[in-house]
Each structure stands twice: as structure tokens, then as C-alpha cells.
Amino acid sequence: MGTMVEKRPRMIANGWIQAAGVVLLIGFFIMGVLTYYTYNDEPPIPETVKDSSGHVLFTRADVMAGQGIFLTNGLMEYGSVFGHGAYLGPDFTAEYLHLAALASIDFYGGAKSDASRARTIEDFKTNRYDPASGTLIYTDSQVHAFELMCAHYGAFFGEPTTKFGLRPSAITDPGDIRKLVSFFSWTAWAAAAQRPGHSYSYTNNWPAEDLVSNGPTADSIVWSVLSLAALLGGTGLLLAAFGRWNLVGWHGREQQKMTFRAPDEVLLTPAQNACAWFFFVMAALFCVQTLLGGATEHYRADLQAFFGFDLGRWLPFNIVRTWHLQLSIFWVATSYLAAGIFLAPMITGREPRYQKLLAYGLLGALVLVVVGSMAGEFAGIQHLTTSTWLGDQGFEYLDLGRLWQILLIVGLFFWAAIVYRGLKGRLRSEHMSNLPWVFFFSALSIPAFYAVGLLANPGQHFTTTDFWRFWVVHLWVEDFLELFTTVLVAYVFVLLGVVHERVALRMIYLDVILYSAGGIVGTMHHVYFSGEPAMHMALGAFFSAAEVIPLTFLTLEAWGFLQLGAIQQSNSDTRFPHYWAVMFLAAVGFWNFLGAGVFGFLINLPIVSYYEIGTALTANHAHASMMGVYGMLSVGLALFCLRYIIPQRYWSDRAAKISFWSLNLGLAWMVFATLFPLGIIQLYHAIEVSYYDARTLKFIGSRGNAILEWMRMPGDVVFIVGGTLPLLYLCFLGIRHMRPGHAEEEDSETLFMEVATQSDRR
């Protein structure tokens, strides 16, 4: 029989564990209830849509086929439906509703007649769907509008040039056009027809459209006010608790005299050296992603001329934007994968045999998925394949083909297995609530919750599909990636001797409590107007307000966090080796509060989101939070690891400094010179004129907007040239001059620092 391994006792009070567990259980219980009502109360898709004489106009099969055409042609990466998608093209729900209402008014006698307006409102607001037979009756005016819209979209998608930002002659088959218009027509019907038993539509009266008497509901106003009250009250309680107790504090060892080991003295394992290639791939993907982002922006500034070249004939806007979004996930994920593999032997003090081979196998699989999915997306949108398995699924952020999506999930689970394999020896001797187990569980949550995206099926009801899609876009990113982020940073600081393990654990569990309290149910702020019942708006608004509270807390900690390098330098006999990595982590705190907190909360208010969804304010929040938080963190983790991989004589603080300031200044320029003012102008226009008009190419390409779009170029140049290229250079140094890997065993207690005076006996 083997000998029993004595486990280290629990390092945190049981109350923290119980509180985190209760919050998670309550959050997911509520999400379970909301899932039930999503399926139960989604807008019905009629089996048949008929005119007043009983002739079939289109069927459920036509609507679903039209949804498939919308997705496989990459139109969600061009325009939007129910406000969700890209921002160059129109929102097809709002556009169809507006133009169909105009056609109906003309049908009844013209805009000068009050009676024609009243009859149009009655036609669109009256719900003529019969659940028993599955039949929806269109009035004569709605049938007239439908036929006109078929002609309109036939000309629009059949345009032989790139003047609309699509590939020439994107969709020309009349049957496909009719099916696509059937899908648009159904979304417009759901947006106007009253939900049974209520005085508002299936989409909570979205979009704003005076022609059919669509305006904000009482729910959107009341829950906006209550969410503000929740924010103010929660922030006040937080400040009170912060003032009364030092709940976290990145402190505890500040008074100790310590000596940081020079990075060259720290022995590396073979798998740690393999991480150099991960970071090089990360930096290369980052460079390509930023170049694609510059091209995406150029389409908004000058649609048909990329500095004299009609780029749209070869790379239409929807392909460029698809790649831009997908690569943002890929390069960030690559850094996370590498950081997990790199830290494992530092935690355990050893590395299992063949870990290096497994790491290189994972890297090869990652490259295969990246290249394969991008090729598939190109082939799908360009009609070179119709397969959603190999080609393009069409969902924003989940565009990659089904096969590539599954392979990515398998790869992430494989990475979790590699991490577990590296930690296994240490896990045997630790209580399951301690830091090594928390590190593994947080790593495991990444593939587990990304896998939820498989429930977003192109063949399902659009409302249900969008519900599951946001489990990835929001819940996976803002809760479980956030958790892994916190654990990574905390563990790095523990290994460096900066904080006590108990302090780090309190930070992690507090993060779970605070982020999960708002972040889980807060997912619903994305689906206010996607066909969900008003319950989703109420809970989404209230809990979204709570998401800002932990960000406020972290901002209170930001100054001490920013001074970390200086503090440790003053208490150390040697130079703190991770100044620029810490600076990137400090930038994460800043952008977390501004991008995720301020900009996020601004658009999370239902009454603001009602007019703002699908405008540049959404893009402003996305760029500030995705790049500002996860992007900056990924670069910081890369610098931390590379500092050990690259010998001192080849390391360049100058390159790290240039990259830091260029990325932050470029992002700030992007936000404040272009995206935020554009979003405010677009929001103002949506309220003053109409949401439909604010989303048209005519408005987006207007002179004032075009000037703001061009103003982004200096920031993009600084970001790309000064930010990504020095980082790529540092990553190249990592593979060019990597230190040789040594023995697979090492004393973990002296990997990073030595206490020069008293040791931590707590």
C-alpha cells in the first residue's frame, strides 16, 4: 500500500468558501429559470404566414432557411438583427420595419393622411397569430410591403459593386432573397406585434419607430432607475466595508527585507521554454488582428477605396471583421494557455516527463484551429462552401465552423489536462480550497464554459441561439476568464513573495463573490430586445449595476497596485525584475474600471440601450474592455514569462516601455478621439430622428462622421507600430535566445525570491 500524503490544511476561513458557493448557486439557479422562460416565451415562428385570402406568403421553413442564409453569408458581421451584430450595415429588423411601415402608409393613402398612419399602426401592432393553427395573417398592406421589400433586398444584395461594403453580387438567387426577406419580416413582426397579455411587443417595443408607435416601455425606464439606485447603494456599502475592513489589500510583506533572484538564476523546465513559441504565435496573431482592425475601421471612413485599392472585392468588410473578432479571442487565449503551462512547474517544483511534447502538440493544434477556422470563414462567406461545419456558422464571436469550434473546445480541455498533469504532485498534498486547486479549477472553467457555445445552433430559433451565444460572449469572458485572470495574478504575486497566500485567497474568493453576484445574471443585459420577456430586462438591469461595484473596489486598490514595483524595490536588495509586467497589470485595473465599468454601465441601462444598441458606443465599450482588460493582461503575462526565458543581456526594457505606452495611448486615442464621440452623435441622432436612420450608410458616411473616423488613424498607427511590433520583437527574442531547459525538478520555494530578514511564518 502507498503511503498517505499529509495534506496542508485549509488556508482560508470556511465562510469565504460558503459565501462563494451560495452566490454561484443562486446565480445559476436564476439563470436556469431564465433559460426556461427563454424557451417558453420566445417569439413564435408561424408554420405559415398567409394573406387575408388564405394564400401562403411564406412558411416557418422559409424563415429558418432565411436565418441560415443570413448567417452563412456573414451578414451578422455586416449588419444586425434585433440590434446584435456588426455596425456598418443596417439593422435589418429596424430597416424592414421602417420601410414596410412607409410602404403601408403609402398603400393607405400617403403620409398626409392621419387615417393611413393610424391604420398602419393598427396593422403592425395587432397580433394576428393563432397558436392553435400556427398561422399568422398579414394584412393587405403588410403583403404589399413584403413584396416591395423582396425587390428592395434583391437590388441591395445583388449590387454588382462593393458600394454597400459587401462582396459584389453577394446574393442573387430570387428564392434565397425571398427566404432572407421572410426572416427579416418575421423579426420585424416580432418587434411590432403586441406580446399576448401585454401592451408591448415581443422585443419590448424595440426598435424605436414612430411609424408603428414603438417607444420605450415602462419596464425599460423603471428598471433603469432602479439599477442606478442599486449601483449607488452597492457602491456606498462597498466604501463602508472598505473603510472598516482591509478586505484585500495587496499588502502583507511590505516591511520585509527581501532579495529577488535574478531571472537568469531561475532554472527553466523544457515545457517553460516551449512557452516562448506560444508567445511568439500570440504576438503574431495580435499584429494581424490589429491590421485587420485598421482595415475594418477604414471601411467606415472610405468604403470603396483602401488608399486607392478596392479591398472589398477581395476581402469584404464582413470577412475582415470576422477575422478581427476571432483573432482577438485566439491571441488572448494563446497567452493564457502559455501562462498556465509556465506557472505549473513553479507551483509544484517539478515537471512531469514529456510535458514539453504535450505543450508543442497543443500549440500545433491551436495553429491548426486558427488557420483552419479563418480559411473556413473566408470560404463560407465567399460561397466556396456551404458547410457550417467546415465553413462559417455566422454568429458574431462564434463564427468559426462547428468542427473548428469543437476542436478548440477539445484543445482547451487538453490544456486543462496538461495543467493538471503539471500540478498533480502538489494537488495531492493540498486542501481543495487552497491556491493550487483554485488555480486548476479556474483553468478547467475556461473550456467548460466555452463549450456552452455549442448550444448556439444555427438551426435553432434566433432568440434562443442568441441567449446561448451570450453565455460565451459575456458569462465566459466576464466571469470565468475574469476568475482565471485574478487567480493568475494572485499566484504570480504569491510566488514573488509580494503577498501572503491567505491574502491572495481572500482576493480570489472575494472576486468570485462580487463578480458572480452581478456577472452571472448580468448576462441578460445583452438580450433586452432579442425576444426575451421583460423579466430578463428587469434582472439583467439590476444585476448589471452590481457588476460595476467590484470594479470600483479594484480602482480603490489601483494606487497601491501601481506602486507595487516601487514598494518592492525599496524593500529589496536587488532590482524588481517585473516592472513593466506590473505596469501592464496596473493598466488592466484602469481599463477595467473605465471600459468595463463606466462605458459598460452606460450602455447597460435599458433606456440607454434601447436607443444605443448596435451603435459605436457598443464598439467603444468592447474595445476599451476587451483590449484594455484581457489584451493588457495577456501582454503583461507574456512579459512576466519572457523575462525568465530571455537572458538578461538580450532583454529590452526599452521595447517593453515603448509597447506599454503605445498600446495604452493608442487605445485611449481610439476611444476618445473616435469611438466615444461617434457613439454619442449616433445615439443623439437615434433619439432625435430615428434609430433606423442612425444605422444607415448615409448617416455613417456623413461628412462629420467621416472626419471622426479619419481621426482614428494616428492612434491606430501608434497602437500597431509602437505597440504590437516591439512586443513581437520581444517574443522573437524569446525563441531566438531562449535559455536552455534544465532538470525537470527544482525547489519551488526559491524560484522567485529569498527573504533576507524574517520569513513568512503565517
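The values are calculated or read from the model by the stated rules, or taken from the named source; none is laboratory data. As the structure is a prediction and not an experimental result, all values here were calculated from the model. Note that each Cβ is placed from the backbone with ideal geometry, even for glycine, and that neighbours are counted across all protein chains shown.
Summary table below
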quantity	calculated
Residue list for the stretch 75-95, filter: among the acidic types (Asp, Glu) and in a strand (DSSP E or B)	Asp91
Scan of the stretch 113-145 for residues that are of a type outside the set (A, V, I, L, M, F, W, C), at pLDDT 95 or above and part of a loop (DSSP other than H, G, I, E, B), ordered by number	Thr126, Asn127, Arg128, Pro131, Ser133, Gly134, Tyr138, Thr139
Where a residue in the stretch 681-705 is more than 16 Å from Ser80 (Cα to Cα) and its partner, wherever it lies, is loosely packed, with under 15 Cβ neighbours inside 10 Å and of a type in the set (Gly, Ala, Ser), with Cβ under 9 Å and at least six apart	Ile681/Gly704
Filter result (over 17 Å from Val63 (Cα atoms) and charged (D, E, K, R)) within the stretch 131-183	Asp140, Glu159, Lys163, Arg167
Wholly enclosed helices (runs of 4 or more DSSP H) of the stretch 648-697 bearing at least 3 residues surrounded by 20 or more Cβ atoms within 10 Å (Cβ to Cβ), touching a Ser or Thr at 6+ places or on another chain (Cβ under 7 Å) and not β-branched (Val, Ile, Thr)	676-688
Test: residue in the stretch 102-109 that is free of Cβ contacts under 8 Å to residues at least 60 places away in the same chain, surrounded by 15 or more Cβ atoms within 10 Å (Cβ to Cβ), more than 30 Å from Gln682 (Cβ to Cβ) and in contact with a helix residue (DSSP H, G or I) (Cβ under 7 Å, 6 or more places away or on another chain)	yes
Qualifying residue in the stretch 322-340 (condition: closer than 27 Å to Leu637 by Cβ, in contact with a Ser or Thr (Cβ under 7 Å, 6 or more places away or on another chain), aliphatic (A, V, I, L, M) and surrounded by 23 or more Cβ atoms within 10 Å (Cβ to Cβ))	yes
Sole residue being touching a His at 6+ places or on another chain (Cβ under 6 Å) and under 14 Å from Leu585 (Cα atoms), chosen from Phe640, Phe660	Phe640
Odd one out for Pro216, checked against (1) assigned to a loop (DSSP other than H, G, I, E, B); (2) on the phi < 0 side of the Ramachandran plot; (3) at pLDDT below 95	(3)
Test: Val503 is modelled with pLDDT of 85 or more and either part of a helix (DSSP H, G or I) or touching a Pro at 6+ places or on another chain (Cβ under 8 Å) (or both)	no
Residues of the stretch 259-296 satisfying the condition of being buried (at least 20 other Cβ atoms within 10 Å of the Cβ), over 21 Å from the mean Cα position of the chain (by Cα) and polar (S, T, N, Q)	Thr269, Gln272, Asn273
Only one of Arg353, Arg321 that is in a helix (DSSP H, G or I) and of a type in the set (Lys, Arg)	Arg321
Where a residue in the stretch 588-605 is closer than 15 Å to Ala546 by Cβ and touching a residue at least 60 places away in the same chain (Cβ under 8 Å) and its partner, wherever it lies, is among the small types (Gly, Ala, Ser) and part of a helix (DSSP H, G or I), with Cβ under 6 Å and at least six apart	Ala596/Ser625; Asn604/Ser544; Leu605/Ser224
Odd one out for Trp223 among (1) closer than 23 Å to Lys125 by Cα; (2) of a type outside the set (S, T, N, Q); (3) buried (at least 21 other Cβ atoms within 10 Å of the Cβ)	(1)
Subset of the stretch 454-483 [among the aromatic types (Phe, Trp, Tyr) and modelled with pLDDT of 90 or more]	Phe462, Phe467, Trp468, Phe470, Trp471, Trp476
Complete set of residues in the stretch 377-410 that are free of Cβ contacts under 8 Å to residues at least 60 places away in the same chain, in contact with a helix residue (DSSP H, G or I) (Cβ under 6 Å, 6 or more places away or on another chain) and either among the β-branched types (Val, Ile, Thr) or not in a helix (DSSP H, G or I) (or both)	Thr385, Trp389, Leu390, Gly401, Ile409
Among (1) farther than 20 Å from Glu478 by Cα; (2) at pLDDT 95 or above; (3) crowded, with 23+ Cβ neighbours inside 10 Å - the single one Met537 does not satisfy	(1)
Filter result (over 19 Å from Glu478 (Cα atoms) and outside any helix (DSSP H, G or I)) within the stretch 419-457	Arg428, Ser429, Glu430, His431, Met432, Ser433, Asn434, Asn457
Residue in the stretch 362-371 that is of a type outside the set (Asp, Glu), within 30 Å of Phe157 (Cα to Cα) and touching a residue at least 40 places away in the same chain (Cβ under 8 Å) present	yes
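Rundown of residues vs (1) within 24 Å of the chain's Cα centre (by Cα); (2) modelled with pLDDT under 95, yes/no style:
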site: Arg321; (1), (2): yes, no
site: Glu351; (1), (2): no, yes
site: Leu357; (1), (2): no, no
site: Leu362; (1), (2): yes, no
site: Leu366; (1), (2): yes, no
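Here is a yes/no grid of residues against (1) of a type in the set (D, E, K, R); (2) touching a strand residue (DSSP E or B) at 6+ places or on another chain (Cβ under 8 Å); (3) closer than 23 Å to Ile105 by Cα; (4) not in a loop (DSSP other than H, G, I, E, B):
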residue: Phe164; (1), (2), (3), (4): no, no, no, no
residue: Ile171; (1), (2), (3), (4): no, no, no, no
residue: Asp176; (1), (2), (3), (4): yes, no, no, yes
residue: Val181; (1), (2), (3), (4): no, no, yes, yes
residue: Phe184; (1), (2), (3), (4): no, yes, yes, yes
residue: Asn204; (1), (2), (3), (4): no, no, no, no
residue: Val225; (1), (2), (3), (4): no, no, no, yes
